[in-house]
1. Kindly state which helices (runs of 4 or more DSSP H) lie completely within segment B:15-111 and contain at least 2 residues that are at pLDDT below 80 and buried (at least 21 other Cβ atoms within 10 Å of the Cβ).
2. Taking the options B:Ser333, B:Ser255, name whichever one is more than 14 Å from chain A (Cβ to nearest Cβ) and at pLDDT below 80.
3. Please pick out the residue among A:Ala103, A:Ala79 that is farther than 21 Å from A:Leu24 by Cβ, surrounded by fewer than 20 Cβ atoms within 10 Å (Cβ to Cβ), more than 8 Å from chain B (Cβ to nearest Cβ) and aliphatic (A, V, I, L, M).
4. Where the second residue is among the charged types (D, E, K, R) and assigned to a strand (DSSP E or B) and the first is within 17 Å of A:Asp176 (Cα to Cα) and lies in segment A:201-221, which pairs have Cβ atoms under 9 Å and are six or more apart or on separate chains?
5. I'd like the full set of residues that are free of Cβ contacts under 8 Å to residues at least 24 places away in the same chain and at negative phi, limited to segment B:416-429.
6. List the residue pairs whose Cβ atoms are under 6 Å apart, where the first residue sits in segment B:167-185 and is in the same structural domain as B:Phe113 (by TED's automatic domain parsing) and under 17 Å from B:Phe31 (Cβ atoms), the second is assigned to a helix (DSSP H, G or I) and polar (S, T, N, Q), and the two are 6 or more positions apart or on different chains.
7. From (1) crowded, with 16+ Cβ neighbours inside 10 Å; (2) hydrophobic (A, V, I, L, M, F, W, C); (3) at pLDDT below 85; (4) within 30 Å of the chain's Cα centre (by Cα), pick out the condition that doesn't hold for B:Ala172.
8. Does B:Thr404 satisfy the criteria of being β-branched (Val, Ile, Thr), free of Cβ contacts under 8 Å to residues at least 40 places away in the same chain and on the phi < 0 side of the Ramachandran plot?
Amino acid sequence: MEPILTIEALTKYYGKGANQTKALNGITFQVMPGEFLGIMGSSGSGKSTLLNCVATVISPTGGRMTMNGKQVQSLKGAALADYRGKELGYLFQNFELLDNMTARENILLPLSLHDMPEKESRQRLKQLSSYLEIEDILDKFPSQMSGGQKQRVAAARALILNPRIILADEPTGALDSKNAKVLMEKLNGLNQDTNATILMVTHNSDAASYCSRILFIQDGVIFHELRRDIPVETKQDFYERILKVTAQLGGGSANVL
Amino acid sequence: MFSKLISRNSKRNRKENRLFFGSLVIPVIAFYMLLSLSRQDVMIFLEKLESDAVSKLLSMIPVFYGLALFILFFLIYYASKYQLERRRHEFGVYLMLGMRRIKLFLLLIAEDFRSSIVSLAIGLPSAALLSELVSLITARLVGIGIINHQISFSFHALLGTAAGFLLIKFAAFLILSGKISRQEIGSLLVDTPDGTKKQLPSFFYALAALSGICCLAAAYFRAISGIAWYRNTQMGLTILLGLTGTLLFFWGLRSAIGLAAALSCSRRRLHAFNFRQIQETVMYRSNMLAVCSLLILAALCCFGAGIAISRFYGSGTPHVIDYSFQDPENMGSSAGIRNALNDSGLNDCFQNLFEIRLGHPHAPDDMDGVFRMDALMSALREAPASDSRDVLLNNLSYADYPYTISLSGYNALLNAAGLPLLSLDQEEAAVYMDASYVSQEGLRLLNTILQTRPEAVLSGHTCVLTGPVQTTNLVADRSITLSFALIIPDDVFDSLTSGSHSVYLNGILAEELTAHASLLSAITDMNDRLDAEHIPYESYLKNMGRQLFYMVAASYITIYLAIIFLIIANTVIGTGFLMSQRKSGRRYRTLIRLGADHETLCRCARKQIHWYFGIPVVAAAVSSLFGVRALLGGILSYKAKNSLNEMMLISAIVIAVLIVVEWIYIAAVKRSSDHYLLKLTVPMREE
């Protein structure tokens, strides 16, 4: 099976000379179709930088990113906009819904950005809103929604164009535990049922336990990887393994199991 | 360090915001132009002729200056508000770093003072130059000539401009910095858009928009039908209806925009986003947009009125006679004047000197009923009903003791004017009316009736009234007008007036005198010579001076106000858009993450700018169609109103000015918007 996303020796340096900070220092990994990949690490470890590089929000200093056979760094203009809109779905920590637009308008926003025909997307909107249980709030404004509803609307927006990969940046960061659980179950369901590929940055171990694989990053390098042994290993067991790794993160690679 | 920061910030402000810096230069120019009015060539010239009126106008300048200060305060307020709003985050950081509020206040004051000095440094020379140019151009246009040109620079105007500008700048700044310094650091650090606001059911907004349109329609109807001009209270009511209508319309407009957003067709890029942004603006700033629309309307009306006044005022009758003399010691003869002119050698300066005799018919007992024209009046009464007919019926009902004019004198006048001469039988009398008393339609009506040769009785003699109605001015002094008179053969005139008549000696300057200089300077020279000889006279110049005064005063003031209104409205709209765009920065960032490129965002923002400017401008333009028409109808003469082509030309000029101003502002706002969006796009990617 061909990987959807291949990252090779990715580097991102800030500053020059003695003041140089290596946010990413040669990261290599692959994301396979239908995979639910988590990236964990402490603050400043480089996980958000990695996600931002993939999302083309920032340009890496070196290395290669290949999405579906295309060099991401070489994309420019319309091709870059298409990559962002059609290949990627982005789920923000703070939802980033436009507060002067209804849920429906927010979800359909990527369509209007990428000149997509509305007819088939209406069908997809129906499916997604039904699955994410947001049918009743489609004509409401974000100020009239709960945090969980907002994030599910944001999820629908990220999924509306049926992207190859969903990038989620701390999607449960602004949610209470109940809403976080609902969201993660929905994302997990999407991954299981529709084979959606998800790349999620988080430092919430519970959220991470929904993943099929987790990369731990520290000081800009991958220093550990956990794979969930599906279907043998339960979510609870995986969660405990994650907790052990995160507990020992402070000690560096010597302490990792 | 502190002064370095001030210098750097002040420079950056000017560089990043040329449009708004330009808006600060405008008040400087406006103040200077106003205060240096008394130094303009036209005003100096007019002061010699119409010293009372000019002194009155110039004594009004402080009041007008106060009004201009008040109006331009808003321009400065909005321009400065935008400057400060866009730096909220920076102020938050200063405060977070421990800068005391008083120090921040001082920093802002010092920065502002620096910018003000630069504005004055640029504005004052530009204003002096512009004032000089206006002085020369108007002098050239009205024919004073530029030989006696005086430099219009005025130190008094310079001081007044600097003081006024700094005063309103400081006042605006105190209010704005007070507002900023009261805010919490947190709210300064984060740009939050206005967001959604609790809304009433859309029925109310639709109802408001509808009531607004009804109020406006009522106001337009009252203005055009003339009801508004009857009394001050009627005018007040009309203006109130117009204001209420505009405010209600803009308040209710959100329902229509909401509907457009809801019916959005996603084929067009960011259609829903654009409409929601516009809707938000209309929701939060409906009053501001309404006021801007009213300001643009006021500007259009002032422009229209100003140009029309300058074009039409006093241009109703052609100029024939340069001088009229009347001997104050013997009004019934021109011999004294002729002798005086001969003795002084001024006789040769006139190519034509002729007498006009006029007087009342001799009525020893009762002045009532000296003249009756029942046939004409009954024919008028039977004519189809119209305003002109009613005006004529009313005016002519008072014509029972008219002046009579001797035919020979009037024919000499017609000859000088190059018009066909009159030929009258003993029993005939030609009707004379001054052009200002009768409309074109009235003239047509009267001429039709006169073709039937209606009979009339003058001092017991039956005569036949003939047409067409004569309207050529009898003397140079345009303040002497006759609403109704009869031109009769000389012998009839002599017998009716029994020798008690007035004689005016009219003169037309010799061609060689006017060939080398403008008529105005030729008459000015002749006036000096006549004054030296103590010969009493009325010259065309005085009338022209009077006309020129009204023309200059009215058109100067209206056009001046129009420019100020237009600039304020556009600055407020422009700053309003850019401020709301900055507050929506986060939304634009989200769009970038969702795949919008810089070009798409710019296109989307430009569309919003078109709408944002378009709504108030179109509303004002539609209102001005009625407003300008009503205003011109109310203030201009019949003749001007009949000149449809001229009116069209005026409208075209007004529209062209509006388009140019809007284009400049829209282009400048688009530039600022593109620049801001580029900043949003680029740093995130280069980080």
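1. So the answer is B:18-35, B:41-49, B:51-85.
2. So the residue among B:Ser333, B:Ser255 that is more than 14 Å from chain A (Cβ to nearest Cβ) and at pLDDT below 80 is B:Ser333.
3. From the options A:Ala103, A:Ala79, the qualifying one is A:Ala79.
4. Partner pairs satisfying both residue conditions: A:Thr202/A:Asp169.
5. B:Pro420, B:Leu421, B:Ser423, listed by residue number.
6. These pairs meet every condition: B:Lys169/B:Ser116; B:Ala172/B:Ser80.
7. Here B:Ala172 clears every test but (3).
8. No, not satisfied.
The values are calculated or read from the model by the stated rules, or taken from the named source; none is laboratory data. Quick caveat: nothing in here was measured; it's all calculated off a predicted structure. Don't worry about glycine lacking a Cβ; one is built from the backbone with ideal geometry, like all the others, and counts go over all protein chains shown.
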